Amino acid sequence: MSRRCELTGKGPMSGNNVSHAKNRTRRRFLPNLNEVSLMSEALGRTFSLKISAAALRTVDHRGGLDAYMAKAKDIELSAGALKIKKEIAKALAAA
């Protein structure tokens, strides 16, 4: 499984370790990923996602998984998250 946020698409970045003597060696900056379970009120069930801490704050700020998915861009979402978004949209349209 890749080190990529399923909601925002954040992934590893590269940069340099810089020593006191200014020697530079390549390194990777990994995103702060957490395995969380988010509840969808429209579907009445939870989904387990691997998302960044920043994405978790954004989901909370927007008012939950349903509200986040309504505004999320399809290109940033993973295949699993895109499937969840379509299920939520279908449930909200039926209600």
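The values are calculated or read from the model by the stated rules, or taken from the named source; none is laboratory data. What you see is a predicted model, and the numbers here were worked out from it, not measured in a lab. In this analysis, Cβ positions are derived from the backbone assuming ideal geometry, glycine residues included, and neighbour counts consider all displayed protein chains.
Under the condition of being in contact with a Ser or Thr (Cβ under 8 Å, 6 or more places away or on another chain) and modelled with pLDDT of 95 or more, the residues counted in the range 70-86 number 1.
Evaluating Ile88 against the criteria (1) within 15 Å of Thr8 (Cβ to Cβ); (2) assigned to a helix (DSSP H, G or I); (3) β-branched (Val, Ile, Thr) leaves one unmet condition, (1).
Only a single criterion out of (1) surrounded by 15 or more Cβ atoms within 10 Å (Cβ to Cβ); (2) modelled with pLDDT under 95 is not satisfied by Arg62, namely (2).
Applying the criterion of being in a loop (DSSP other than H, G, I, E, B) and free of Cβ contacts under 8 Å to residues at least 24 places away in the same chain to the residues of the range 63-74, the residue that is nearest to Ser37 (Cα to Cα) is Gly63. Evaluate the range 9-30: report whether one residue or more is in a strand (DSSP E or B), among the hydrophobic types (A, V, I, L, M, F, W, C), out of contact with any Lys or Arg (no Cβ under 9 Å at 6 or more places or on another chain) and modelled with pLDDT of 95 or more. Yes: one or more hits. Would you confirm, using the coordinates I've provided, whether Leu43 is in contact (Cβ under 8 Å) with a residue 24 or more places away in the chain, in a loop (DSSP other than H, G, I, E, B) and over 21 Å from Ser2 (Cα atoms)? Considered against the rule, which asks whether it is in contact (Cβ under 8 Å) with a residue 24 or more places away in the chain, in a loop (DSSP other than H, G, I, E, B) and over 21 Å from Ser2 (Cα atoms), Leu43 comes out as yes.
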